Structure formats: structure tokens, C-alpha cells
Amino acid sequence: MRNFQRTTVTVILGLVAVSAAAQTPIVYPAKGQSAEQQQKDTGECAAWAKQTTGIDPVVLASTPAPAPVAAAPAQPQQTGPQGERMKGAVRGAAAGAIVGEVVDNDAGGGAAAGAAVGVVAGGSRARRDRRNQQEQATQQQEQVAAQNNAAQDQAEAQKQQQLATYQRANAACLEGRGYVLK
């Protein structure tokens with residue numbers, strides 16, 4: 001699970017870097033600016049865009065993904081017998097004694113048969129309870145994973161929006177200095 005999370009984070013960071021590089025515009029010196037002037041203008045416009053927007057694309061790209069939310073500790077699973085079979089035997093014996101007494105005046109035989117049935121029912125109840133606990137734990141883990149994915153998606157969308165704002169400011173500056181951007 002941890003390796004999967006590390007791989008996912010690495011892939012996301014790689015995509016952010018590729019995405020940022022893919023969004024960098026191509027700058028053409030439309031007014032015959034020299035390479036030195038273009039480099040100077042590019043640097044000054046980057047600084048102006050950073051100051052104007054408050055967004056530093058280098059810091060933004062190196063910002064780590066939000067830390068995953070830790071799952072709430074699962075309720076400690078009880079191990080070993082919890083007395084479900086014994087409780088079932090007692091219930092079954094009581095019911096069997098009543099039925100045995102009413103049907104054929106044999107409370108002892110009815111109690112023995114009822115106890116046997118109660119043991120089986122108690123074991124079944126115990127297995128059902130354990131299965132329900134496992135299902136609840138699985139659902140809780142899935143909910144936490146979904147919350148983590150949503151938080152990461154939201155953080156990524158926010159990064160992309162901030163980067164787009166910076167790019168627009170940078171493009172506006174360069175266009176104002178006579179460059180064509182594509």
C-alpha cells in the first residue's frame with residue numbers, strides 16, 4: 001500500500017512538471033529584439049509576474065502533495081471466543097425446556113436439543129458479527145482513500161489554476177514588450 005502511494009505521488013509530481021513545461025509559451029521577438037534583450041525581458045517579465053500575482057512557479061512546482069489523512073484506528077478486533085455459543089446454548093436450552101415440557105413432558109430432553117441448536121445459532125451469530133466488523137473496517141478505509149484522492153485532486157487543480165494565473169501575467173508583460181507568444 002505504501003509503495004502504491006509513493007508511486008502515485010511520484011507520477012503526479014512528474015505530471016505536474018511535464019504539465020508546467022508544456023504550458024510554457026514559445027516567445028518570438030516580433031520587433032527584432034536581440035537574444036540578449038529577449039533574455040533580459042523574459043527575466044524581468046517573470047519577476048513582474050511573480051510580484052504581481054504572488055505566485056512563484058518554482059515554489060509551486062516543488063510544493064508537495066497534501067499529506068494523506070490517516071485512517072481512524074479500527075476498533076480492536078476481539079480475538080478468541082466471546083461466549084456467543086454459550087449464550088446460544090443457554091437460550092436454546094431454555095426454549096427447548098419449555099417446548100419439551102409442553103409437547104411431551106420432557107423438559108430435560110427438550111433442553112438438551114435446544115442447547116445443541118443454540119450452540120450452532122450462537123456460532124453463526126459470531127461469524128456474522130465478525131464479517132460485519134470487517135466490512136465496516138473496509139468501508140472506512142475506502143472512505144479515507146476517497147477523501148485523500150479528492151484532497152489531492154483539489155490541490156492539483158489549485159496548483160494548475162495558480163500556474164495559469166502566473167502564465168497569463170507573464171504573457172501580458174512579454175506581449176507588452178513586443179513579443180508574440182504561442
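A short reminder: the numbers here are calculations on the coordinates, not readings from a lab. Not measured: the values here are computed from a predicted model. As a convention, Cβ positions derive from the backbone with ideal geometry for all residues, glycine included, and neighbour counts pool all protein chains shown.
Going from the fewest other Cβ atoms within 10 Å to the most, the residues LEU163, LEU181 appear in the order LEU181, LEU163.
Between the amide H of VAL180 and those of TYR28, ALA30, distances stay under 5 Å, these residues lying 5 or more places away or on another chain, with hydrogens modeled in the peptide plane.
If Lys and Arg each add +1 and Asp and Glu each add -1, what is the summed charge of the other residues whose beta carbon sits under 15 Å from the beta carbon of LYS31? Cβ neighbours under 15 Å give a net charge of -1.
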